[in-house]
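Scroll down for the structure; my scribbles are underneath it.
What follows is calculated from the coordinates using simple rules that are stated; it is not laboratory data. Treat the numbers as computed from the prediction; the structure is a model and nothing was measured. Virtual Cβ from ideal backbone geometry, glycine too; neighbours counted across all protein chains shown.
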Amino acid sequence: MEYAVSQSDSFIDEVTEEVRRDRLFATFRKYGWIAATLVVLIVGGAAYYEYQRAQDAARAEALGDAMLTALEQENPAERVAALDAVEAEGADARAVLDLSLAAEMVQAGDVAGAVDLLNGVAGNAELPVMYRSLAKFRALALQAETLSPEERRAGYEEIAGPGSPIRLLALEQVAMTYAEEGNRAEALSRLQALQDEAGLTPDLLRRISQLIVVLGGTPGGADADQDG
């Protein structure tokens, strides 16, 4: 009797296994294309990523070569013309080219044109903050003779917020606009506070200390004379 039961159980297990196998095959026939498609997409996606990365690298190299060739021209006017003829694909590449072009325009005497170009980069919301901040910082510096200290200070404060890639440089310029206005106490206060900012480079710290001394303050400590 026990032998019969054992045979029966074995037969049931075999049948159950066959049913499971049949169901598995049926499921694979019905839905297997999904797995196959996923494999194709994953492999194809990886290949496309590598292709795209290679294409990006090639474009960046071509742009760099073209810019270097343009910058090898004899005089600023020729360099401006050569850079202006360079083609750049994508907003980031165009921003890099425009920043270099603006620098050469200044050398060629076209400060107003350079400011317009830089302001265009600064106002392009599609660009990373780094490009926009650098462009605005440079444009403000070029307008030292045409904008009041208050106007430039407002611009520098816009790019001196937390997380800004040029926050410390912008804060330095904010302090200097107060010095231009003759507000020595506020300039010293700003410079003293700037000494406590994280991320100061040795060069920037040295320059800040020198400015504090020139203004009659004490580097690394409270201003001994707060009279304006």
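All other residues with a Cβ under 12 Å from the Cβ of residue 73 taken together, and with Lys, Arg as +1 and Asp, Glu as -1, what is their net charge? Kindly include the intermediate steps, with their values, before the conclusion.
On the way: positive: 79; negative: 72, 74, 78, 84, 104.
It works out to a net charge of -4.
Pairs of C-alpha atoms in the stretch 65-181 farther apart than 21 Å represent 41 percent of all such pairs. When only alpha carbons of the stretch 117-228 are considered, Rg and Dmax amount to 14.5, 47 Å.
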